[in-house]
1. Taking ALA152 as the residue in question, decide whether it is over 20 Å from the mean Cα position of the chain (by Cα), among the hydrophobic types (A, V, I, L, M, F, W, C) and modelled with pLDDT under 85.
2. Assigned to a helix (DSSP H, G or I), modelled with pLDDT under 80, surrounded by fewer than 22 Cβ atoms within 10 Å (Cβ to Cβ) and aliphatic (A, V, I, L, M), is that true of ILE268?
3. Scanning the stretch 103-142 for residues that are within 14 Å of the chain's Cα centre (by Cα) and among the aliphatic types (A, V, I, L, M), which turns out surrounded by the fewest Cβ atoms within 10 Å (Cβ to Cβ)?
4. Under 8 Å between Cβ atoms, which residue pairs at least 6 apart in sequence (or on different chains) link something in the stretch 72-94 that is closer than 15 Å to ALA120 by Cα with a partner that is surrounded by 23 or more Cβ atoms within 10 Å (Cβ to Cβ) and aromatic (Phe, Trp, Tyr)?
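The values are calculated or read from the model by the stated rules, or taken from the named source; none is laboratory data. Predicted, not measured: the structure shown is a model, and the values here were computed from it. So basically every Cβ, Gly included, is an ideal-geometry build from the backbone, and we count neighbours across all protein chains shown.
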Amino acid sequence: MTPKRRPLSLWIRWIGTLLSLGLFLWLVARLNWSVVGTQLAGLALWAVLLAILFYLLSQAFNTLRWCALLWAHNVNITFWQAFRITWSGIFASNFLPSTIGGDGLRMAAVYPYAKSKTVAVGSVALDRIINMAAMTCLLPLPILMFGPKLNALLALALPFNPRALAEKYFPKIMAAVREWANRPQAFVWAFLVAWPSNLTAMFATWLIARGLGMEMSFWQVAAVQTVTYFLAVLPISVNGYGLREVTYSTLFIALGASLEQASALAVITRFLIVLVTIPGAIWVSQIAADVVEKDLQSGA
């Protein structure tokens with residue numbers, strides 16, 4: 001990236017974040033807060049706690065999906081070690097572009113275990129690609145529910161020819177991904193684990209939606225989260241702040257929810273998702289120390 005392009009992308013990212021947050025604040029200003037208060041008061045504690053459990057379970061499956069790729073390359077890392085790295089990356093994503101900003105931290109943290117830059121970079125890149133492939137399988141849901149008007153929205157998030165773009169702009173990542181070409185079982189296991197990692201998070205959101213009195217089916221929630229996932233991956237806002245909330249509000253209202261219900265759901269689920277990243281904050285410094293120590297040992 002050239003010096004001129006870096007500030008431009010930074011400006012686009014922050015402008016996108018501010019515009020999205022501005023739109024969401026405009027929606028919030030229209031809320032009937034007495035109605036919102038009534039809905040929140042009626043939200044059962046057991047539903048909140050169960051939702052937190054399922055959000056945590058989703059991230060545990062994310063770790064397992066990544067481990068399937070690492071273990072296929074005989075990387076000497078335990079699930080618990082990978083778990084801590086994953087959680088630290090999730091926490092870092094709260095302050096970095098799009099929702100995958102913490103992937104760089106994962107690459108650096110797993111390098112001492114993999115002892116290969118190709119495997120470290122490739123495992124994280126392939127993990128993301130496989131998860132996107134699983135989410136792509138769910139795209140018929142929002143297309144059926146929202147109709148052809150959704151095509152333009154999805155076109156923003158889905159590259160026309162992702163392989164060609166990857167070959168052109170990310171040759172090192174594509175070379176790393178080819179490392180798994182002779183390990184097809186790793187692809188299969190990672191793809192299978194990608195399903196519960198996404199569906200458990202959708203179930204958590206559905207629990208909160210039902211608790212707020214929203215007459216939504218699980219598949220309607222899954223459709224909204226599928227659209228939100230692809231839009232939030234775009235590096236035009238920090239961790240999808242504002243963009244996710246506006247998308248939630250717009251699509252859930254289109255499915256029959258009130259403005260108060262849709263906005264409350266967006267805020268509550270964002271808070272719970274950030275809440276479950278807190279362990280990552282505890283482990284970030286420890287992981288950084290581990291990386292330095294392992295580097296020193298390997299250089300000794």
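1. yes
2. Considered against the rule, which asks whether it is assigned to a helix (DSSP H, G or I), modelled with pLDDT under 80, surrounded by fewer than 22 Cβ atoms within 10 Å (Cβ to Cβ) and aliphatic (A, V, I, L, M), ILE268 comes out as no.
3. ALA133
4. ALA82/TRP66; THR86/TRP66
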